[in-house]
Amino acid sequence: MSVDEATLVRLKNVSKVYQTGTVALQNMNLTIREGEFISFVGPSGCGKSTAFRMIAGLAEPSQGRLEVLGLSPKDARKKGTGVSFVFQDATLLPWRSVWDNVILPLELRGVPKISQRDEAFRVLNLVGLVDHVKALPRQLSGGMRMRVSIARALISRPKLLLMDEPFGALDEITRQNLQDELLKIWQHEKMTILFVTHNVFEAVYLSTRIVVMTPRPGRISTVVDVPVPFPRDESFRSSPEFGTLVAKVSTSLKH
Ligand code: ADP
């Protein structure tokens, strides 16, 4: 399978059957180009997290081919800088400060302290947390904890950022603020983001394309293009185009 320069991830007839016999994904085909922001929407249990774990090299497809950065996902992961993960739960170490949580991936890789420092300042600036470096996770709001989690994912300068319902537990205002910040970071870092959400409004606001999945066994039902330029702002949320796209994705979900 040849991968051209702009292709970052390619799934070709990918299926996943767990040892329990559960068919989590069936015959998934998708090509993801560098710089895209793709959201995955679908009912719980349709295999979104499974697809992410396979792309991150944490699980193997049962059938089909999957390539990340032109390599098998495991080899891409071994290279260390390709892929980062952000989960709904910020998964911070409670006894470590914001700073110490953020530098953890570099510490584990044995990166020299001086580079850890430069990179930590870079990402803490991106997420607006330079004034909170000494705080412990329990002293932060949910939104701030998520910013720390995003900074920790960005410190490895990933080409691909996998986000599994990162804003699912946040209140609406915090969520919308973080959506705007995430879009700024995405544009600044020129990376590719794959994003799981149950929120159709969020998917339309953020994405260049939306992959709508069927109930289990998960397959791609439709891919909806969102041909609206960036930067996007409140005027997009209240535009007729936004409403039309939300309706289109919602209708595909119901079918
Ligand atoms: P989603 O993220 O869309 O909610 P998942 O990928 O988590 O879906 O799960 C897809 C299906 O696979 C579900 O039915 C789930 O119960 C099952 N599943 C997920 N992980 C495992 C596992 N490790 N072993 C067995 N079944 C699993």
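Worth pointing out:
- Close pairs (6 angstrom Cβ cut-off, 6 or more residues apart or separate chains): among the aromatic types (Phe, Trp, Tyr) in the stretch 31-53, within 8 Å of the ligand (Cβ to nearest atom) and open to solvent by 10 Å² or more (accessible area, probe 1.4 Å) anywhere: Phe40/Lys48; Phe52/Asp164
- Flag if Phe230 is open to solvent by 40 Å² or more (accessible area, probe 1.4 Å), closer than 29 Å to Ser15 by Cα and at pLDDT 95 or above: no
- Of all residues in the stretch 77-104, exactly one satisfies the criterion of being of a type in the set (Ser, Thr, Tyr), open to solvent by 30 Å² or more (accessible area, probe 1.4 Å) and touching a helix residue (DSSP H, G or I) at 6+ places or on another chain (Cβ under 9 Å), namely Thr91.
- The requirement of being within 15 Å of the ligand (Cβ to nearest atom), free of Cβ contacts under 8 Å to residues at least 60 places away in the same chain and open to solvent by less than 40 Å² (accessible area, probe 1.4 Å) is satisfied by Leu66.
- Residues in the stretch 150-170 that are crowded, with 24+ Cβ neighbours inside 10 Å and not hydrophobic (A, V, I, L, M, F, W, C): Arg152, Pro166.
- As a summary of the residue check, Asn177 satisfies the conditions (1) touching a Gly at 6+ places or on another chain (Cβ under 8 Å); (2) touching a residue at least 40 places away in the same chain (Cβ under 8 Å) except for the one numbered (2).
- Residues that are on the phi < 0 side of the Ramachandran plot, in contact with a Gly (Cβ under 8 Å, 6 or more places away or on another chain) and of a type outside the set (A, V, I, L, M) do not occur anywhere in the stretch 117-137.
- When the stretch 105-129 is limited to residues that are open to solvent by 40 Å² or more (accessible area, probe 1.4 Å) and closer than 18 Å to Ala90 by Cα, the one that is nearest to the chain's Cα centre (by Cα) turns out to be Leu126.
- Per the listing Gly57, Gly45, the residue uniquely more than 9 Å from the ligand (Cβ to nearest atom) and at positive phi is Gly57.
- Qualifying positions in the stretch 9-38 - within 13 Å of the ligand (Cβ to nearest atom) and among the hydroxyl-bearing types (Ser, Thr, Tyr): Ser15, Tyr18, Thr20, Thr22
The values are calculated or read from the model by the stated rules, or taken from the named source; none is laboratory data. None of the values given here were measured: they were computed from a predicted structure. Heads up, the Cβs are rebuilt from the backbone with ideal geometry, glycines too, and the neighbour counts pull from every protein chain shown. Quick note on the areas: whole protein, heavy atoms, side chains included, nothing else; ligands and nucleic acids left out. Shrake-Rupley method; radii C 1.70, N 1.55, O 1.52, S 1.80 Å.
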